[in-house]
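Here is the structure we will look at.
Only the coordinates and a few stated rules stand behind these numbers; no lab work does. A quick note: this is a predicted structure, and the numbers were derived from the prediction, not measured. Note that each Cβ is placed from the backbone with ideal geometry, even for glycine, and that neighbours are counted across all protein chains shown.
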Amino acid sequence: MAEPADSNPTVTSPPAVVHPPVGNPYLAGVLAWLIPGLGHVYVRRRRRGLAFFVLVVAAIWIGCALQGNLAHPMANQPISALATLGTIGMGIPYFLLRSVFGYAGDLVAPSYEYGSAFLVTAGLMNWLLVLDAWDISRGKKE
Amino acid sequence: MSHFFLMVVYALIVSLFFMLLWRRERKERIKLFLQLFLGMVGGGLLVAYLMYPFPPGPPAPIP
């Protein structure tokens with residue numbers, strides 16, 4: 001009598017795909033945060049890194065063109081700290097915009113809210129790129 | 001620029017980003033891109049349609 005297939009002890013689940021680690025994960029994360037896409041370039045995903053750079057910088061550029069808010073902590077407004085944490089994820093561009101170009105956005109511009117959404121999204125996307133570069137560097141992702 | 005145009009540009013950037021981040025195969029990327037892009041634009045239009053009968057409130061005060 002034939003045994004049911006699932007009782008065969010030789011049948012096992014396929015092994016998890018392992019990718020070789022690339023570089024230092026800490027350095028990959030820091031580079032990814034400083035300049036969007038640079039972490040991916042560091043872990044030898046150059047084309048993907050370039051595409052991420054273009055997308056994040058496009059979001060920043062559109063956000064600034066729409067006069068969105070470049071979030072910063074404000075007294076008695078705890079949500080502004082969260083917005084700052086998200087926006088600061090864009091790395092060097094945040095500090096360049098705030099300190100070098102003196103960018104602050106225009107609260108009364110009609111497109112202010114849209115621009116703010118683009119800017120905080122750029123920061124949040126770059127935080128995800130930090131995690132992705134970290135995972136690739138440790139060999140947990142392709 | 002119209003609100004709709006800005007919404008489409010936003011959906012385009014976010015969809016492209018997650019397509020590249022989450023998928024590696026070309027066909028899967030295209031599928032995810034379409035799901036995200038159409039979901040965001042379609043969802044935005046649906047919410048706008050549902051909100052249409054409600055009158056706009058007074059403008060928010062400028063701090």
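Comparing B:LEU12, B:LEU45, B:LEU21 in a Gaussian network model of chain B where C-alpha atoms under 10 Å apart are linked, the largest mean-square fluctuation is found at B:LEU21. Where a ≥ b ≥ c are the square roots of the eigenvalues of the C-alpha gyration tensor, would you call chain B rounded, which needs a/c under 1.5, or, failing that, prolate if a/b is larger than b/c, or oblate? Prolate is the answer for chain B, as a/c is 1.5 or above and a/b outweighs b/c.
Other chains' Cβ within 10 Å of B:16-27 residues: what's the mean?
Working: counts 5, 12, 2, 1, 9, 10, 2, 0, 3, 0, 0, 0.
Partner-chain Cβ atoms within 10 Å, mean over residues of B:16-27: 4.
From largest to smallest, the equivalent ellipsoid semi-axes obtained for the protein assembly as shown from the alpha-carbon gyration tensor read 38, 25, 15 Å. Measure nothing but the geometry: give the 0 to 90° angle between the long axis through the Cα atoms of A:46-65 and the longest principal axis through the Cα atoms of chain A, rounded to 10°. Approximately 30 degrees, to the nearest 10.
Residues whose amide H falls under 5 Å from that of A:MET74, counting only those 5 or more places apart or on a different chain, are A:SER80, A:ALA81, with hydrogens built in the peptide plane. The C-alpha atoms of chain B define a longest principal axis, and helix B:26-51 lies at about 10 degrees to it. Kindly identify segment A:79-118 as rounded, prolate or oblate by the Cα gyration tensor criterion: order the square roots of the eigenvalues as a ≥ b ≥ c, call it rounded if a/c is under 1.5, otherwise compare a/b with b/c, prolate if a/b is larger, else oblate. Judged from the Cα gyration tensor, segment A:79-118 comes out oblate (a/c at least 1.5, b/c at or above a/b).
Per DSSP H run of n ≥ 4, the term is -39500 (n - 2.57); total these for chain B, divide by its residue number, and report the mean residue ellipticity at 222 nm rounded to 500 deg cm²/dmol. Write out the running numbers ahead of the final one.
On the way: 2 runs with 46 residues, N = 63.
That comes out to -25500 deg cm²/dmol.
Between the Cα long axis of helix A:25-34 and the first principal axis of chain A there is an angle of about 30°, rounded to the nearest 10.
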